[in-house]
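K.L.:
I have a structure I would like to understand better, so I am pasting it below and will then ask my questions one at a time.
Nothing in this text is a laboratory measurement; each read-out follows from the coordinates by a stated rule. No experiment lies behind these values; they were computed from the predicted model shown. Using ideal geometry, Cβ is built from the backbone for each residue, glycine included, and neighbour counts are taken over all protein chains shown.
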Amino acid sequence: MRFDVITLFPELIEPYLSVGVVRRAFTGAVQVRLWPLRDFADGHYRRVDDRPFGGGPGMVMLAEPLYRCWQAIRLDRGLPACRPPGAAVDVPTVLFSPAGERLSHDVVARYAQPAAPGAILLCGRYEGVDQRFVDACVDAQISLGDFVLSGGEIAAVALLDAVARLQPGVLGDQASAEQDSFNPVVDGLLDCPHYTRPEVWQGPAGPMTVPPVLLSGHHAQIEAWRRAQRVQATARWRPDVLARARAEGRLRPADEQ
Ligand code: ADE
């Protein structure tokens with residue numbers, strides 16, 4: 001799959017693509033190309049924004065450089081420069097904005113499907129993007145949450161990272177992504193606590209031990225303990241997530257004891 005990222009600040013995104021376990025994905029299954037928007041702007045100053053009609057604070061991203069960049073990406077992907085009106089979405093264009101659908105495991109999983117085409121990701125800046133470009137070219141909007149960032153780059157990196165870690169072979173152990181919080185394999189619950197050596201750690205209030213079951217070598221008991229811990233953590237930190245799991249029939253009888 002391929003992601004094309006339209007951004008004014010490629011240097012914000014670039015470092016994340018070459019570090020850590022996800023680096024493997026970005027040199028393999030998940031191609032990422034960065035498109036500096038200023039390269040598609042006119043004039044000596046390569047202007048990419050202007051004042052809003054109607055007045056008010058801040059600047060608005062110009063439709064024309066965005067459109068030129070978007071068309072260049074489509075051509076580079078071997079697609080027609082424009083999608084004919086009413087045609088099915090060939091590659092989705094996604095705008096990162098506080099107005100978007102909240103990023104979640106389900107959204108990430110959709111973009112991470114091996115047969116999915118990826119997307120054209122638009123990192124908004126300033127007060128926003130000229131609505132005419134949004135109306136003409138944007139298929140979906142994604143938000144990181146109910147707060148405002150200075151731009152969509154952090155959100156784009158969040159999506160790319162989350163998509164990359166779901167690719168087979170990217171994490172050392174394939175089971176690892178499946179045991180993550182929110183994965184359907186763990187019924188969408190939060191992750192359980194983890195412990196490593198030493199068995200006794202000298203904490204600020206004295207020695208702290210590891211739950212004995214984890215040292216027992218008894219696989220079924222360890223799994224049962226981890227499941228109970230997942231349920232407990234979800235009840236404590238995300239009761240909304242637990243309520244949804246219950247309503248959708250994802251809890252087991254033992255989870256309710
Ligand atoms: N751009 C500005 N705020 C944002 C948010 N909350 N999520 C995604 N992109 C944004």
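K.L.:
Can you tell me the FRET efficiency between Arg38 and Ser150 if r is taken as the Cβ-Cβ distance and R0 is 22 Å, rounded to the nearest 0.05? Could the numbers behind the result be given before it?
P.N.:
Details: r = 17 Å, r/R0 = 0.77.
Taking R0 as 22 Å, the efficiency between Arg38 and Ser150 is 0.85.
K.L.:
Over the stretch 184-256, what is the mean sequence separation of C-alpha contacts under 8 Å (at least six apart), divided by residue count, expressed as relative contact order in percent? Walk me through the intermediate numbers first.
P.N.:
On the way: 48 pairs, mean separation 28.0, N = 73.
Relative contact order, the stretch 184-256: 38 percent.
K.L.:
Could you work out the relative contact order of the stretch 2-165, using alpha carbon pairs under 8 angstrom and six or more residues apart, expressed as a whole percent?
P.N.:
On the way: 256 pairs, mean separation 48.1, N = 164.
Relative contact order for the stretch 2-165 comes out at 29 percent.
K.L.:
Can you give me the long-range amide H partners of Asp187? Hydrogens built in the peptide plane at 1.01 Å from N, cutoff under 5 Å, separation of 5 or more residues or another chain.
P.N.:
For Asp187, no residues qualify.
K.L.:
Additional query: Would you mind working out the magnitude of the charge dipole of the stretch 184-256 relative to its Cα centre, with +1 at each Lys and Arg C-beta and -1 at each Asp and Glu C-beta, to the nearest 20 Debye?
P.N.:
Values: 10 positive and 8 negative charges, 17 e Å.
I would put it at about 80 debye.
K.L.:
Compute the Rg to Rh ratio over the stretch 184-256 from the alpha carbon atoms, using the Kirkwood formula for Rh, and round to two decimal places. Before the final figure, lay out the partial values.
P.N.:
Values: Rg = 14.5 Å, Rh = 13.7 Å.
When Rh is taken as the Kirkwood radius, the ratio is 1.05.
K.L.:
Considering amide H positions built from the backbone, and no H for Pro or chain starts, which residues 5 or more places from Leu8, or on another chain, come under 5 Å of its amide H?
P.N.:
Residues meeting the amide H criterion: Leu37.
K.L.:
Mind giving me the FRET efficiency for Ala224 and Gln202? R0 is 22 Å, r the Cβ-Cβ distance, nearest 0.05 is fine.
P.N.:
The formula returns an efficiency of 0.15 here.
K.L.:
Let me ask something additional. How large is log10 I(q)/I(0) at q = 0.20 Å⁻¹ when the Debye formula is applied to the Cα atoms of the stretch 1-117, each weighted equally and without solvent?
P.N.:
-1.39
K.L.:
Turning to a different aspect of this structure: For all pairs of alpha-carbon atoms in the chain, what percent lies in each bin of width 5 Å, listed from the first bin to the last filled one?
P.N.:
All Cα pairs considered, the percentages come to 1, 5, 11, 13, 14, 13, 11, 9, 7, 6, 4, 3, 1, 0.
K.L.:
Suppose only helical runs count, i.e. DSSP H with n ≥ 4. What mean residue ellipticity at 222 nm does that imply for the chain under -39500 (n - 2.57) per run, divided by all residues and rounded to the nearest 500 deg cm²/dmol?
P.N.:
-9000 deg cm²/dmol
K.L.:
Gain in length, Val185 to Glu101, computed as 0.36 nm per residue apart minus the alpha-carbon separation, to one decimal in nm? Show your work: numbers first, answer last.
P.N.:
On the way: separation 84, 0.36 × 84 = 30.24 nm, distance 2.31 nm.
Taking 0.36 nm per residue and subtracting the Cα distance, the gain is 27.9 nm.
K.L.:
Jot down the radius of gyration and Dmax of the stretch 72-197, Cα atoms only, both in angstrom.
P.N.:
Radius of gyration, then largest Cα-Cα span, for the stretch 72-197: 16.9, 60 Å.
K.L.:
Now, a different point. Residue by residue through the stretch 48-63, what is 3J(HN,Hα) from phi via Karplus (6.51 cos²θ - 1.76 cosθ + 1.60, θ = phi - 60°)? Round to whole Hz and write x for glycine and proline.
P.N.:
10, 8, 7, 6, x, 4, x, x, x, x, x, 10, 10, 5, 5, 5
K.L.:
Another question about this same structure. Please tell me the relative contact order of the stretch 156-204 in percent, rounded to the nearest whole number, where contacts are Cα pairs under 8 Å and at least six residues apart.
P.N.:
Working: 25 pairs, mean separation 7.8, N = 49.
Relative contact order comes out at 16 percent.
K.L.:
Find the centroid of the Cα atoms in the stretch 82-114 and in the stretch 151-228, then give the distance between the two in whole Å.
P.N.:
Here the answer is 28 Å between Cα centres.
K.L.:
So if each residue of separation counts as 0.36 nm, and I subtract the Cα-Cα distance between Arg46 and Val21, what length gain in nm does that give? Don't skip to the end; give the middle numbers.
P.N.:
Values: separation 25, 0.36 × 25 = 9.00 nm, distance 3.65 nm.
Stretched fully, the Arg46-Val21 segment lengthens by 5.3 nm.
K.L.:
If each of His194 and Phe9 carries a label point 7 Å out from its Cα toward its Cβ, how far apart are those two points in nm?
P.N.:
Here the modelled spin labels are 3.0 nm apart.
K.L.:
Still on this structure, please answer the following. Long-range amide H contacts for Phe3: which residues qualify at under 5 Å (H placed 1.01 Å from N, peptide plane, sequence gap of 5 or more or a different chain)?
P.N.:
Excluding prolines and chain starts, which carry no amide H, the hits are Gln31, Val32, Arg33, Ala119.
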